[in-house]
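Readers should treat all values here as calculations from the given coordinates under stated rules, not as data from a laboratory. Keep in mind that this is a model prediction, so the values were computed, not measured. Using ideal geometry, Cβ is built from the backbone for each residue, glycine included, and neighbour counts are taken over all protein chains shown.
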Amino acid sequence: MSERTSGRRTTRDSGQGGVPSARHKGRAAGDRSAGGGAGAGQRPGARPATPADALLPVASPRLTWGLLRAELAGHRRLAVAAAVVMPAASAAGLTAPWVLGRLVDEVRADAGTAHLAWAVIVLVVAALATGVLTGVGGALVARVGETVLARIRARVLDRALQLPSATLERTGTGDLLSRAGDDVAVVTGAISGVVPPLANAVFTVGLTAGGLFALDWRLGLAGLAAAPVYVLALRWYLPRSGPLYAQQRVLTGARTQALAASLRGASTLRAYRWEEAHVARVAERSAAAREVSLSVFRLFTRFSSRLNSAEFIGLTAVLVTGFFLVRSDAVTVGAVTAAALYFHRLFNPIGFLVTQFDDIQEAGAALARLAGVAMMSPPVEPEAPEVPADTSLELCAVSHTYGDHQVLREVSLCVAPGERVALVGASGAGKSTLAAIAAGVLRPTAGTVRLGGAPVERMGERRTERHVALLSQELHVFHGTVLDNVRLARTTAGDAEILGALDAVGALEWVRALPEGAETRVGEGAHPLTAAQAGHVALARLALADPAVAVLDEATAEAGSAGARILEDAAEAATRGRTTLLVAHRLTQAERADRIVVLDGGLVVESGSHAELLAAGGRYARLWRSWAGPEAEPDAEPRTSVPAPR
């Protein structure tokens, strides 16, 4: 459960950077825990894990390369420098076989040791030059790659923050976390450990092949005898491995999704005794990912044996051809020696190129998943968005289903402008899901939500988030000053306005008592705030944002008994005069409401004021007695429960 303004974005505190930038303004109640299960405050884990076909998109190879080219265009100088240095390093590496071939010819000609000194000097200089140029080239390639990856990662984060809430609720957060974590790690590892040696291998193969033909075109052709075997090996391997790697990444994301959903909803799973079903789901998806990984390994082992055959065929062809050429005095023994050394020098780079298709394809699949998010189009806003006529909130025959589990059943609810309505019910009754739907965070399976008479889907994301703020139980304090934390709600607000919002919710006294007052840095790695103080900050954001409609989903639950009354007073102050729908964590919150709506099994079973429902002696009265004790039982004779509108 998380704190959000209209629940539209996720902005978790990493503890590394300051407060999020001004571009994310309007998210008054803070942030959204992406895909938090059953809506805003859903009991996570109650929803079935997201199927693979509901995950976020994966970019095609064309779109992935297009994204890379676009990002590389901004770093032409570094890219050109790398493209010059890497071939120079490969060229320097050709020196040693040539020098050794010359020495063989000189030994056969009994030239003595006169030329030995210059050969040693050339070999040493060539080795040093190769090492230095390879290191510099690798650093340049890694720098370009890391910079491009950082920009792509920023685009992924930007798009993730702008994803419609319904999309995150549909896909869940496991897939997104897998991309932002696992896939970024795979691409990062490839950039540092694969791309530099890959670039060096490409240039080495090209220049060494040229060196073979320079010695003698027949020796060059002999070396090419290995090419068909390499090609056939790749043609056999690639069509089989590519889909496997893509499937591996998808199954990894699905496994992460299942784990995230189960861990996030552990308490709910225990309450409903769904542990075995979720453990079985995690085991099933883990087994699927494991089987694909084993299939990849078996395929790669067979591929490696084909590569060894290619090396044997190529080197044999060079030596046999060299033998006949030397026998006919067409070339010298030194030239054949150099040719054999050149071809032997190709073993590692060619082997690296073909065997690194393992990592290259995995990195490509991971990059395609990142590009799939980075290139997602922002939500399409209606051309002529409707404008609410007032601040009323209406839910018409709303139903919602997670998989096969229906949590809401044709619920209808009207909240008049300025009215304060509390949702009450046992755990799993559908309160948080209804709150998420009312805030526009979750799209109902059936039914409509209207704000001031305008359907929220016709208002657009931006307009809806300006009118509705949702505050839930997970209240985040970001790394930054208290002023910056509250300013997230409206980045144009001055210090006086922020202090006024803090004062309105009763937080100004303890804020002024901080070491540096409102300028005190709080959050991870800074001055810690209590749960009640974090709630005050969140409610101050709500007051500063000044939305027309406020939805509170157990927003004061984390404060504990000591801070509950204080935060309840603060919540009442922050929502005074606003149309308010709140999920009551404590029945004292419901007691203060203008109207109480009791949910049970996804249905509205009672509706009325606190006094009316106590007098009715129905479900709410029983909840009140169990919460407040027998002495709270009303004197009036129990009557039939107040019927709820459907």
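How far, in nm, would the chain grow between Asp390 and Ala227 when pulled straight, counting 0.36 nm per residue and subtracting the alpha carbon separation?
Working: separation 163, 0.36 × 163 = 58.68 nm, distance 7.45 nm.
Contour length minus the Cα-Cα distance gives 51.2 nm.
Put a dot 7 Å past each Cα toward the Cβ at Asp329 and Trp510; how far apart are the dots in nm?
10.1
Would you order Met375, Met459 from fewest to most other beta-carbon atoms within 10 Å of each residue's own beta-carbon?
Values: Met375 19, Met459 25.
Placing the least packed residue first, the sequence is Met375, Met459.
Please give, to one decimal in nm, the separation of the simple spin-label points placed at Asp404 and Ala266, each 7 Å out from Cα toward the Cβ.
So the two model labels end up 2.7 nm from each other.
Provide the FRET efficiency to the nearest 0.05 for the Ala185-Val80 pair, computing r from the beta carbons and using R0 = 25 Å.
Values: r = 29 Å, r/R0 = 1.15.
After rounding, the FRET efficiency stands at 0.30.
Under 9 Å from the Cβ of Arg619, count the other residues' Cβ atoms, weight Lys and Arg +1, Asp and Glu -1, and hand me the total. Present the calculation step by step, with values, prior to reporting the outcome.
Details: positive: Arg622; negative: Asp600, Glu606.
Taking every Cβ under 9 Å from that of Arg619, the sum is -1.
Within a 10 angstrom radius of the beta carbon, how do Glu146, Glu524, Glu606 rank from fewest other beta carbons to most? Could you put the intermediate results ahead of the total?
Details: Glu146 15, Glu524 12, Glu606 23.
By the 10 Å Cβ count, ascending, the order reads Glu524, Glu146, Glu606.
Taking neighbour Cβ counts within 10 Å as the exposure measure, how do Arg273, Arg218 sort from fewest upward?
With the fewest neighbours first, Arg273, Arg218 line up as Arg273, Arg218.
Contour minus end-to-end for Glu612 and Thr445, with contour as 0.36 nm per residue of separation and end-to-end as the Cα-Cα distance? Let's see the in-between values first.
On the way: separation 167, 0.36 × 167 = 60.12 nm, distance 3.23 nm.
The span from Glu612 to Thr445 would gain 56.9 nm if fully extended.
Can you work out the FRET efficiency for the pair Asp546 and Trp236, with r the C-beta to C-beta distance and R0 = 60 Å, to the nearest 0.05? Intermediate results must be reported in sequence, preceding the final value.
Numbers: r = 65 Å, r/R0 = 1.09.
Rounded to the nearest 0.05, the efficiency is 0.35.
Let's test the formula: R0 of 35 Å, r as the Cβ-Cβ distance of Thr301 and Phe213. What FRET efficiency results, to the nearest 0.05? Before the final figure, lay out the partial values.
Working: r = 34 Å, r/R0 = 0.96.
Efficiency for this residue pair is about 0.55.
Provide the gained length on full extension for the span Glu284 to Thr147, in nm with one decimal, where the gain is 0.36 nm per separating residue minus the Cα-Cα distance.
My answer for the length gained is 45.5 nm.
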